[in-house]
Structure formats: structure tokens, C-alpha cells
1. Roughly how big is the stretch 169-236's charge dipole about its Cα centre, with Cβ charges of +1 (Lys, Arg) and -1 (Asp, Glu), in debye to the nearest 20?
2. Just report the Cα centroid separation between the stretch 313-349 and the stretch 116-145, whole Å.
3. For every other residue with a beta carbon closer than 15 angstrom to the beta carbon of Asp173, add +1 if it is Lys or Arg and -1 if Asp or Glu, then tell me the sum.
4. For the chain, what ratio Rg/Rh do Cα atoms give with a Kirkwood hydrodynamic radius?
5. Rounded to the nearest 10 Å², what accessible area does Arg89 have for a 1.4 Å probe in the complete protein model?
6. Taking a ≥ b ≥ c as the square roots of the Cα gyration tensor eigenvalues, with a/c under 1.5 meaning rounded and otherwise prolate when a/b beats b/c, else oblate, which class fits the stretch 211-293?
7. If packing is taken as the average count of other Cβ atoms within 10 Å, what order do 324-333, 295-304, 350-359 fall into, highest mean first?
8. Testing the spin-label approximation: label points 7 Å from Cα along Cα→Cβ at Ala184 and Glu166. State their distance in nm.
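The values are calculated or read from the model by the stated rules, or taken from the named source; none is laboratory data. What you see is a predicted model; the values in this text were computed from it and never measured. Neighbour counts are summed over all protein chains in view; Cβ atoms, including those assigned to glycine, are modelled from backbone coordinates with ideal geometry. Side chains included, ligands, DNA and RNA excluded: accessible areas come from the protein's heavy atoms. Shrake-Rupley method; radii C 1.70, N 1.55, O 1.52, S 1.80 Å.
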Amino acid sequence: MSDEVYVLEAVRTPVGRYGKGLAEVRPDDLAAHTIRALLDRVPGLDPARIHDVLFGDANGAGEDNRNVARMATLLAGLPTSVAGATVNRLCGSGLEAVIEASRIVQTGDGDLVLAGGVESMSRAPWVLPKPGRAYPRGHETLHSTTLGWRMVNPEMPSEWTISLGESAELLADKYGIGRAEQDAFAVRSHQRAATAWEQGLFEDEVVPVPGTELTRDEGVRADTSEEALGKLKPAFRADGTVTAGNSSPLNDGSAAVLLGSRTAANEVGAEPLARVVSRGVAAVDPDVFGIGPVRAARTALQRAGIGWGDLTAVELNEAFASQSLACLAEWPELDPEIVNQRGGAIALGHPLGASGARILTSLAHQLRRAGGGWGLAAICIGVGQGLAVVLHA
């Protein structure tokens, strides 16, 4: 059994806004593009050597059906001998794919595994359930698969099937997080993302999609302000604090990560970005899904044998400002200044199945730019789960 797993390379597309820059690109093509772009960066790698391709995908109801990992592998031109599997842990799917890939390498089942995630929320279809009997006389209902609950099992407790936004409101209530604090957090996300782009800090990881004009994350608003966000109406409660401005948007994007052993890295001529040190998973009540990363992160840190003060950088996926601030409230030992130093999902975007791989990609490149150190990637997951991974460079 190997005890070392390395991130050999990692790339991502710019994140497109709903119905905008990447909306004309099929999700299987998005995933295929990141696979090709990643392999182009490792010219010494014979693609036939890849043991498996694991991709996260949260919806899978449209053009990402029929195992999008396998479809993307074929579309990317890899040999048909390279296998592929799609994993689904909703918003954590991309990070789950990386975690599963790291375990394959660690156990010695394969020394090179390609992982990642993809989502096109723009192209997520409406679905029509089959009627319970032939020739129904009543009306049938189309369900959007873009985001959130649909076709809910009536046996599921109603308090668990509230909207994601209402859950964010519950966390704001529980932790006493006001509107001004959430808006300030969102503005910081946009300002940091805009600065990072201006300074060229994303150039190492972002690979624009051929046939599109999008070269940067489309949702970053450098000119936003607390005053501007303060004018937005609450999105989920008439008297609420959660708005479109302090929530992550609907997005399209993909990310890919190559993981391997040190021996494999040497053989293909890849200088690792970072080492995967530990992993953590946790679950909470579905109606407070946003604090799912809290225990997952603690578990990952404990397994790595480090504390909050040892970290150089943290990537915490920003589903909502209130959700992120609730997690930070549970991590008082963590310096908030090292969290999402180049902006988070409120600005950069949250293409569900890709987001976990996106934050790990950003973290690995950030650690390299910092000259090394410890890093944590953590993400909350709808229906009450959380994932975390510790990297060291």
C-alpha cells in the first residue's frame, strides 16, 4: 500500500453565469475539454496509463446522462481502455471524485487516476415523471432539475425538504448573522476575486473553453458594494436576510485533477502541486446542511495531525454568506483572513458538481504560489453533508 498521493496537475474552466458564456456548451464537452487541457500539461503521460477517470456531477438528468465521466473520456480522445465512473454527492461531487481517486492511488489499485467534476446548470432539463397508470386524465407536472428538491418522497419529513435559501435563513437566525454581515462577506468575495484576476493569480489553473469568448469567471463584480447589495430584496423570506447578492449564483463549469503516486509522477515527468494528506466526511440534519463542513474539516485536520494555526490557506465553498459565516463561527481558531483569499463561490460561481474539484484546484495552485504549506478544502452539501481534504505542498 502506498501512503503518498499527489496532485500532479489541476485545471478548471472559467465559471459561466446561468444562460451566459458557457450555456451553449454541453456538459460532456465541458468535461472533455478539461480532461484534454489537463493532459496537454503532462506531455510525458501516455493517456493509456490512466487507471480510471472519476467525475462528479450533481444532476445527471440531461446531456450529462449515461455516465458523463465515461462520455467525456471518450470525447476527449482517450483510449477506450481507460475506464470512467460518475459519482454524485450533490454539491460535493467534484471533491468526492478526488477523494475516491486518492484512495485508489493510496491503496495501490492504480497509480494514476484522473478526477474532477462538471455541471451545466444552464442546460439542466425539465423532467416529466411517468404517470402512475396508462392514459392519465389529469395534468402532469414538469420539474426543473437546475437546483434543489423535486419529486420529493412524501415520507421525507417536511422540515428537511425546505429550500436551500430557507436553510441559509435558519443558519442566519441560529448564529445571529445579520444582513450587513452577509453583504460585507459577499463584497469581500467579489473584491478578492477581482483583485486575483487583475494580478494574474488564476492564470495557472484556468483553461478557457474553445468556441467561447469567456476567459474569466463571469460572475465577478469588481464594482459591487455593501450599499448596492443592501438594496436587494430578500429572496426567500419577506423579512429575511438572504438575497441573490449574498448567495452563490447558478453556474456552468468543469475542473479536472490528476492524482498519482510519487513513482508515477517521476515516470511521467510531473512535478506535484501538493500532496493529499487526509480526508473527512460528516453529516448533519438536512435543514442545516450549510454547517456540514464543520465536523468534516475537524476530522481531516485531526487525521493530518495539524491544527487550525498550521494552515496557510483555506478554500471554503461559499454556497451562502450566512452558511460560510456559520462555519467560521464554529472554527474560532481559524484566521478568517486566510479563507478564500482569491474570492469564493459568491463571486467565482458554484457549478454544483464541479465546485469541489474547483476549490481543490485553486487550493493546490495557491499553495504552490505561496511556496508551500498546509491547505484545507471544505464544502457543504445539500441534504446535510460536508467534505474536507487537507493538502500539503
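1. On the way: 8 positive and 14 negative charges, 67 e Å.
The calculated dipole for the stretch 169-236 is roughly 320 debye.
2. 34 Å
3. Values: positive: Lys174, Arg179, Arg237; negative: Glu159, Glu166, Glu169, Glu181, Asp239, Asp285, Asp287.
Net of charged neighbours comes to -4.
4. Working: Rg = 20.1 Å, Rh = 20.9 Å.
With Rg and the Kirkwood Rh in hand, the quotient comes to 0.96.
5. Per-residue accessible area (Arg89): approximately 60 Å².
6. oblate
7. Values: 324-333: 18.8, 295-304: 20.4, 350-359: 33.2.
Sorting 324-333, 295-304, 350-359 by mean packing, highest first, produces 350-359, 295-304, 324-333.
8. With each label placed 7 Å out from Cα toward Cβ, I get 3.0 nm.
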